Amino acid sequence: MKLFSKKEIDQVRLGVEALCKGNLVVFPTETVYGLGADALNPTAISRVYQIKNRPKKHPLIVHLVSDQYLKEWATHIPDYAFKLADDFWPGPLTLILEKNKATKDFATGSQNKVALRVPNNPIAIDLLREFSNRGGLGIAAPSVNRFGEVTATTIEVIRNEFAQLLSNEDIIIDGGQSQIGIESTIIDCTNEFPVVLRPGWVTTEMIQNSVGLSLDKSSFKINTRHSGAFKSHYKPRAKVYLDVTPKQGYGFYALSKFQTPSGVIRLGAPKSIEEYAHNLYLALSDADRLNIEIVSIFSPQGNGLANAIRDRLNKASNK
Ligand code: TXA
Ligand code: MG
């Protein structure tokens, strides 16, 4: 169990106070930072949409302190979803389930399904636990970014790019750089077979092994508004070129085995796929901070996390 510093205890306490008053809390999760609101408070949630400039029908993920809260939000939960929750929560996996009668439309972008996740970050868990002690049932939290732009994974990026959109009553909790660095895997659990809507750290193979079901029959045919459905997303102001040799003045992000041509600004040289994901959004934010106009990125090869990274890169580079 993690021992909290006084600063962290104070930040969590202030965060819970803010949530209870209908204000917003930026908090760390293991994937990326979240912009949190009491999932039962329509005014607070409406501010999240306004601040992010997010389309009203694009639903949010409700973060829970444990799977014991699943039934507060969802109904007709298939056995395989319980298995996934059991195997991967707390962790970087979001389950899309049929919403129950008590779940309000404002928490689901008016869809009949709700997105639920138990995050695996000690500050997030503490925040959720203290909030549930005060009667909270969940924290609705999208990633910290304006709609379509790069997601924040550090407190510095949040202070420079995002904090001015918040009010004085909102709270930002510093949890250091996000461990994983890209958003959770999203699985639609409203069909006979699980369907991957957004790839992430939890891979298709891990899901198949967990539930003992093949995902082969599933496809992206599902008609919901998930980020996988957007061709363009996670975009910096700089243009992103994929797998193109960088020229003079370009920013460059690639595994460390690739050398930096002269006159090129290296934005990161991760040694592993994990480090690649961990630093990717920071590199894109750095490009904008340095007013770089074009960034060349060498996408990683292979399956699993590399596949999730390529999903983000394809959207970041889409014109
Ligand atoms: O790692 C993460 O998932 C982070 C951290 C903060 O938990 N959150 C995150 O939230 O990435 P956001 O809002 O940026 O992305 C949530 C995705 C959206 O693409 C949304 O469409 C999808 O979840 N989603 C939410 N509810 C859904 C639903 N009922 N059906 C389909 N997709 C849904
Ligand atoms: Mg997002």
*From the set of residues in the range 95-130 that are of a type in the set (Lys, Arg) and in contact with a strand residue (DSSP E or B) (Cβ under 7 Å, 6 or more places away or on another chain), which is nearest to ligand 2 (Cβ to nearest atom)?*
Arg117
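Enumerate the strands (runs of 3 or more DSSP E) found wholly within the range 23-120, keeping only those where 1 or more residues are buried (at least 23 other Cβ atoms within 10 Å of the Cβ) and over 13 Å from the mean Cα position of the chain (by Cα).
Details: elements: 25-27, 34-38, 61-63, 93-99, 113-117.
So the answer is 25-27, 34-38, 93-99, 113-117.
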*Restricted to the range 131-144, and to residues that are of a type in the set (Gly, Ala, Ser) and assigned to a loop (DSSP other than H, G, I, E, B), which residue is farthest from ligand 2 (Cβ to nearest atom)?*
Gly135
_Looking only at the range 16-63, count every residue that is out of contact with any Lys or Arg (no Cβ under 7 Å at 6 or more places or on another chain), more than 16 Å from ligand 2 (Cβ to nearest atom) and hydrophobic (A, V, I, L, M, F, W, C) and tell me the total._
6
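Here are some residues: Lys104, Lys113. Which one is over 25 Å from Ile9 (Cα atoms), at pLDDT 95 or above and of a type outside the set (A, V, I, L, M)? Write out each step before concluding.
Values: Lys104 fails: at pLDDT 95 or above.
Result of the check over Lys104, Lys113: Lys113.
Would you check if there is a residue in the range 61-69 being under 18 Å from Ile172 (Cβ atoms) and either touching a Phe, Trp or Tyr at 6+ places or on another chain (Cβ under 8 Å) or touching a residue at least 40 places away in the same chain (Cβ under 8 Å) (or both)? Don't jump to the end; show me each part of the working.
At the first step, the residues of the range 61-69 found to be under 18 Å from Ile172 (Cβ atoms) are 63.
Subsequent filtering for residues that are either touching a Phe, Trp or Tyr at 6+ places or on another chain (Cβ under 8 Å) or touching a residue at least 40 places away in the same chain (Cβ under 8 Å) (or both) retains 63.
Within the range 61-69 (the criterion being under 18 Å from Ile172 (Cβ atoms) and either touching a Phe, Trp or Tyr at 6+ places or on another chain (Cβ under 8 Å) or touching a residue at least 40 places away in the same chain (Cβ under 8 Å) (or both)), the answer is yes, since at least one residue qualifies.
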*State which residue is surrounded by the most Cβ atoms within 10 Å (Cβ to Cβ) when the search covers only the range 208-242 and only residues that are at pLDDT 95 or above and in contact with a Leu (Cβ under 9 Å, 6 or more places away or on another chain).*
Val240
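The values are calculated or read from the model by the stated rules, or taken from the named source; none is laboratory data. All values reported here derive from a predicted model rather than from experimental measurement. With ideal geometry, Cβ positions are generated from the backbone for all residues, glycine too; neighbour counts draw on all protein chains shown.
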